[in-house]
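Asker: Okay, here's the structure, questions in a sec.
The values are calculated or read from the model by the stated rules, or taken from the named source; none is laboratory data. Remember, it's a predicted structure, so these values are computed and weren't measured experimentally. For neighbour counting, all protein chains shown are included, and Cβ atoms are generated from backbone atoms with ideal geometry for every residue, glycine included.
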């Protein structure tokens, strides 16, 4: 068994990340974030975190922009095939009973954001990835859950070409009250996603400074 942190991004899509990547949960005020012009959608700006300027990333917006995860729950038949795949996966990971309340809350203007500081675990410090932390913000934090990686199942074949690099698979989380009620969650591939974010950060910051 291994510990994972669970959370929801836009449209109530449920994700988990290995807990050893999580430094701490933090509350942010929008006024603390300094915007950066010309960066990818979902990158809100930078913030002073423990004496470092680190990126603040709206994970739902970033995944929507980079991977095409759908912002609407219904599949549009006019979408190209790769967006259909992303949209279908979104439907699988969406808690439809909470869509309305979640959408209402995310549409309300607020200065407070829920986030976590993410950094490369010490056990992986020799990997060729910049160890500077990132701040991820999202709709709702679900806390720590213990999962068995041996029970993870791969993404369906129609999703792998577009999304496979950033997701390790899918699994079920069962409620404590009954083993028949389960929630499907996707496991983020942290090495791939972190590397992509680090590459993009370096590329865009160098472009801004030129």
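Asker: Are there any strands (runs of 3 or more DSSP E) wholly within the range 1-51 with 3 or more residues that are buried (at least 17 other Cβ atoms within 10 Å of the Cβ), and if so which? First the steps, then the outcome.
Answerer: Values: elements: 2-9, 13-18, 22-29, 43-49.
Qualifying strands (runs of 3 or more DSSP E): 2-9, 13-18, 43-49.
Asker: Looking at residue 27 and the list (1) farther than 20 Å from residue 132 by Cβ; (2) touching a helix residue (DSSP H, G or I) at 6+ places or on another chain (Cβ under 8 Å), which single condition is not satisfied?
Answerer: If we test residue 27 against (1) farther than 20 Å from residue 132 by Cβ; (2) touching a helix residue (DSSP H, G or I) at 6+ places or on another chain (Cβ under 8 Å), just (2) comes out false.
Asker: Something else now. Tell me, which residue of the range 165-184 that is at pLDDT 85 or above and in contact with a helix residue (DSSP H, G or I) (Cβ under 7 Å, 6 or more places away or on another chain) is farthest from residue 147 (Cα to Cα)?
Answerer: This residue is 184.
Asker: Looking only at the range 33-47, count every residue that is over 15 Å from the mean Cα position of the chain (by Cα) and either modelled with pLDDT of 90 or more or within 19 Å of residue 119 (Cβ to Cβ) (or both) and tell me the total.
Answerer: Matching residues across the range 33-47 total 6.
Asker: A follow-up question, please. In the range 143-164, what residues are modelled with pLDDT under 90 and either surrounded by 15 or more Cβ atoms within 10 Å (Cβ to Cβ) or part of a helix (DSSP H, G or I) (or both)?
Answerer: The answer is 155, 157, 158, 159, 160, 161, 162, 163, 164.
Asker: Residue 55 is checked against (1) in a strand (DSSP E or B); (2) under 13 Å from the mean Cα position of the chain (by Cα); (3) crowded, with 20+ Cβ neighbours inside 10 Å and fails just one. What number does that condition carry?
Answerer: For residue 55, the failing item is (2).
Asker: Okay, moving on. Can you name the number of the only condition in (1) crowded, with 19+ Cβ neighbours inside 10 Å; (2) at pLDDT below 50; (3) touching a strand residue (DSSP E or B) at 6+ places or on another chain (Cβ under 6 Å) that residue 92 fails?
Answerer: (1)
Asker: Of the numbered conditions (1) modelled with pLDDT under 90; (2) within 14 Å of residue 135 (Cβ to Cβ), residue 17 fails exactly one; give the number of that condition.
Answerer: (1)
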